[in-house]
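Every number in this text was worked out from the coordinates using simple rules, so none of it is lab data. All of these numbers come straight from a predicted model, not from anything done at the bench. Cβ atoms come from the backbone with ideal geometry, glycine included; neighbour counts cover every protein chain shown.
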């Protein structure tokens, strides 16, 4: 019923008879886009191809995008955030291409419901205003009038749609767009009133006390920090006092994002996250301000960070995100990643490319560096979220003399096998000795494997007659992985953490159903 009422309000808000005020000739205040574009993606846009999230889709007249294309790619296309990629080219051809694509979109009705989703509308408003001086300021009066008329109509519809049905980070993107419209169109004071009324409740629902985002995805945490940083800049430009909750949320999100970074500056690959460009991650943190100490754990979000010497170990020790905000949730409970300096060693497989067929595969427990019982996921994978999932995840950590111990468990296998996975991790004070113990507590012994996915740049070779695996990092340092209570095998894997899928390897510890239900393993530096 709430969705029907919102849709009705949006339709009414768009009625021409309600547009009593004259459409402005241009934004009253300039809106600045804070983030850099990618000239490579901009060059592909010149040839009519939009690249995003590891996938691509053509942009064309008469529908703008293919109706059968991936929903993420279509949302990106209709959100126009890619204007920053054309701007990064800085050429007249890029400027004219941007103007032509906007003209096509305004002139030809898309017929795609995604184009009217509140977060997509919010992204589009912010993108058009943030790049107005690039593609519109020098255009003819007719183009600018059509653009501003559509901006006002979109903002009216967006104001009527709030609060949105989307309970995840997309609600923040919608709010950002309405605030951008309010700043650029100050004669529409109701836009700002509406946005500032809804914003505090969204922040309270999405930003956890420790600064983690409720979706438990490093990528969505960063997206939320970007959106909130933009909102703060917009309000400052308009000399409007920002709600206290906005500044407090930004201050909490920044340290939480630092907690989920590896030594190379990129993000840990949990719950639909790719590495991301380390320069962009640093820029987001700089814009947020106040560096502060990197927390060693996010208790509410359920992440643990063990750091010693040049080594960083990040583990997922939390209950998956709840229903309706679990769209990116993976079955990776108790998985971990390990890096040394700028070299990633142990990783999760990452996020599926937009428009690809890897969604279920990369969300599976087997795509994570953790234990898998009988080839069964620790959470049931469903389209758009999870079904069965761990209900109880516990983690306790200790530190002494610079060394770290982590004792964690989850009951995701309780329902199918009446089993609990318990994982113990140790990181020495030097950071050059990682030890672990994985066990299954069950009345009936269960077959299980423990997987260690390797970053594509790690060279792996079996040693000592298959009793150990030597891991050579790009820096040249060598590490040896050994196990007790299981046989070691090197198998193929795939890495989806970068811009494109890459072949990689994984070390698999195979146990025996009638053998011990505990495996001990160690990863130590050689020499």
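Quick notes
- Centre separation in Å (Cα based) which lies between segment 115-144 and segment 373-391: 41 Å
- Tilt relative to the chain, helix 92-107 - C-alpha long axis, 0 to 90 degrees, to 10: 80 degrees
- Using every pair of distinct Cα positions in segment 389-483, the Kirkwood expression returns a hydrodynamic radius of 15.7 angstrom.
- Fully extended contour minus Cα-Cα distance, from residue 300 to residue 60, at 0.36 nm per residue: 81.9 nm
- Cα gyration tensor shape for segment 2-206, rounded if a/c is under 1.5, else prolate or oblate: prolate
- Using alpha-carbon coordinates, inclination of helix 218-237 to the longest axis of the chain, degrees: 30 degrees
- Full extension of the segment from residue 470 to residue 240, taken as 0.36 nm per residue of separation minus the current Cα-Cα distance, would add 77.0 nm.
- Difference of contour (0.36 nm per residue) and Cα-Cα distance, residue 429 to residue 324: 33.7 nm
- All-pairs Cα distance distribution in segment 297-526, expressed in whole percent, bin size 5 Å: 1, 7, 15, 19, 21, 18, 12, 6, 1, 0
- Principal-axis tilt of helix 170-184 within the chain, Cα atoms, nearest 10 degrees: 30 degrees
- Spin-label pair residue 524-residue 248: with each label point 7 Å from Cα along the Cα-Cβ axis, the two points sit 4.9 nm from one another.
- FRET efficiency for residue 398 and residue 113, using Cβ-Cβ distance with R0 set to 51 Å, rounded to 0.05: 0.50
- Placing dummy labels 7 Å off each Cα toward the beta-carbon, the span from residue 197 to residue 44 is 4.2 nm.
- In range of the label at residue 484: residues from segment 446-473 whose backbone nitrogen is under 17 Å from the point 7 Å along Cα→Cβ: 467-469
- Helix-derived mean residue ellipticity, 222 nm - over the chain, DSSP H n ≥ 4, -39500 (n - 2.57), to 500: -10500 deg cm²/dmol
- Here segment 229-367 is treated as a Stokes sphere of Kirkwood radius computed over C-alpha pairs; at 37 °C and 0.692 mPa s its diffusion coefficient rounds to 200 µm²/s.
- With the simple spin-label model, which puts each label point 7 Å out from Cα in the Cβ direction, the residue 141 to residue 23 separation comes to 1.4 nm.
- Centre-to-centre separation between the Cα atoms of segment 215-248 and those of segment 464-527: 41 Å.
- The eigenvalues of the Cα gyration tensor, multiplied by 5 and square-rooted, give the chain an equivalent ellipsoid with semi-axes of 45, 23, 21 Å from largest to smallest.
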